[in-house]
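Undergrad: What follows is a structure written as structure tokens; I'll ask about it next.
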Amino acid sequence: MIWLGVSIALVGAFGYAGGAALQQYEAVHGGANLKLVRRPRWLIGGVIGLLGASLHAVALSFAPLVLIQPVSVATLVFAVPLAAMLHGRRPHKAEVLGSIAVAAGLLGLMLLIPQSDTKPVLSTPGALGFLACVGSVVAVCHLLARRARGSGKALLLSIGAGSVTASVSTFVRVVGGGLGGDLSRLLHWFTLAIPVLLVFAIVLLQKSYAVGYFGIAYAGVQVVDPITSVLAGVILLGEPLPTGIGNVIPAIIAAAVLIAGTITLGRLTPDNSHAVTVPHPEIPVPVRSRAAAR
């Protein structure tokens, strides 16, 4: 059942990546506002992303957070070049190498975590404390993002978005993994929290995409989401962490590769060269004189 969950998560991850690339293209050109819902491409991306997220939720019913969450990271190698092609250009070498480095580094870290079939159980105080921590992260990131520019702004917004998507995955894992065939267990406030958190996650994602740095924004979400989910799985759900000296050196190497890839993506230029710009009101528009017109 565990490998069935992994297979479902992989299919869902590619769908989520494709949907994210489509939505980022529209967010850059139209801005992160309600007008996006009128754009067919953004809606198509949303449907594809929703299907991917739904498959991810199904996968979490078969396997633990620490195993399912890292699967989506591999789609960085697919999502970043796809976003580049949507903007009418070839992927930069740095984009490909940075994406591979982030995916390889995070996958290396996640693979060091032992598998577990522990039944997820989360108390109400634990859930409220977790949501308070996530809310604090989002608030701090947005305050800092107001003063940031470029890739730094995209990264800060993506950290907030990633923490919220991690909370969605955590609650889905608790609800889906704790059913045990008893549908009455769905009648819990955890179930109602999932769609609310999902809406917040979508809004925060669009804000991070709209900055224009898809590579760093998508990588930020894909890094923060699984790391936060793993921490939630370990601290709140009792899922195990790796032990032994033999895991320390590989973990350090994987972390170094991940950081190098993130820095590489952060140095790239934004994908907004084709966005429609409005002339500054203080800059006069030259008008030809009548003599010149003749």
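The values are calculated or read from the model by the stated rules, or taken from the named source; none is laboratory data. Quick caveat: nothing in here was measured; it's all calculated off a predicted structure. FYI the Cβ positions are ideal-geometry reconstructions off the backbone, even for glycines, and counts take in every protein chain you see.
Undergrad: What number of residues within region 4-21 are surrounded by fewer than 23 Cβ atoms within 10 Å (Cβ to Cβ) and either touching a Phe, Trp or Tyr at 6+ places or on another chain (Cβ under 8 Å) or in contact (Cβ under 8 Å) with a residue 60 or more places away in the chain (or both)?
TA: Counting residues in region 4-21 that are surrounded by fewer than 23 Cβ atoms within 10 Å (Cβ to Cβ) and either touching a Phe, Trp or Tyr at 6+ places or on another chain (Cβ under 8 Å) or in contact (Cβ under 8 Å) with a residue 60 or more places away in the chain (or both) gives 7.
Undergrad: Out of GLY98, GLY105, GLY46, which single residue is out of contact with any Cys (no Cβ under 7 Å at 6 or more places or on another chain), in a helix (DSSP H, G or I), modelled with pLDDT of 75 or more and farther than 20 Å from ARG267 by Cα?
TA: On the way: GLY98 fails: farther than 20 Å from ARG267 by Cα; GLY105 fails: farther than 20 Å from ARG267 by Cα.
That would be GLY46, the only listed residue that is out of contact with any Cys (no Cβ under 7 Å at 6 or more places or on another chain), in a helix (DSSP H, G or I), modelled with pLDDT of 75 or more and farther than 20 Å from ARG267 by Cα.
Undergrad: Among the residues that make up region 256-266, is at least one of them at pLDDT below 70 and either over 28 Å from LEU122 (Cα atoms) or of a type outside the set (Ser, Thr, Tyr) (or both)?
TA: yes
Undergrad: Moving on to the next point. Looking at region 193-212, is at least one residue more than 23 Å from SER123 (Cβ to Cβ), of a type outside the set (S, T, N, Q), touching a helix residue (DSSP H, G or I) at 6+ places or on another chain (Cβ under 7 Å) and outside any helix (DSSP H, G or I)?
TA: Checking region 193-212: at least one residue is more than 23 Å from SER123 (Cβ to Cβ), of a type outside the set (S, T, N, Q), touching a helix residue (DSSP H, G or I) at 6+ places or on another chain (Cβ under 7 Å) and outside any helix (DSSP H, G or I).
Undergrad: Which of the residues belonging to region 24-45 are within 29 Å of VAL175 (Cα to Cα) and surrounded by fewer than 20 Cβ atoms within 10 Å (Cβ to Cβ)?
TA: From region 24-45, those within 29 Å of VAL175 (Cα to Cα) are 43-45; that's our starting set.
LEU43, ILE44, listed by residue number.
Undergrad: Only residues that are modelled with pLDDT of 75 or more and buried (at least 23 other Cβ atoms within 10 Å of the Cβ): list them for region 69-86, please.
TA: ALA79, VAL80, ALA83
Undergrad: Tell me, please, whether a residue that is in a helix (DSSP H, G or I), closer than 30 Å to VAL28 by Cβ, at pLDDT 80 or above and out of contact with any Ser or Thr (no Cβ under 6 Å at 6 or more places or on another chain) can be found in region 227-250.
TA: Filtering region 227-250 for residues in a helix (DSSP H, G or I) gives 227-235, 245-250.
Then keep just the ones that are closer than 30 Å to VAL28 by Cβ; that gives 227-229.
With the extra rule that they be at pLDDT 80 or above, the set shrinks to 227-229.
Okay, now just the ones that are also out of contact with any Ser or Thr (no Cβ under 6 Å at 6 or more places or on another chain), so 227.
Looking for residues that are in a helix (DSSP H, G or I), closer than 30 Å to VAL28 by Cβ, at pLDDT 80 or above and out of contact with any Ser or Thr (no Cβ under 6 Å at 6 or more places or on another chain), one finds at least one in region 227-250, hence yes.
Undergrad: Only one of these is under 23 Å from GLY46 (Cβ atoms) and modelled with pLDDT of 85 or more: LEU122, LEU204, LEU128. Name it. Step through it out loud before you land on a result.
TA: Details: LEU122 fails: under 23 Å from GLY46 (Cβ atoms); LEU128 fails: under 23 Å from GLY46 (Cβ atoms).
After ruling out the rest, the residue left standing is LEU204.
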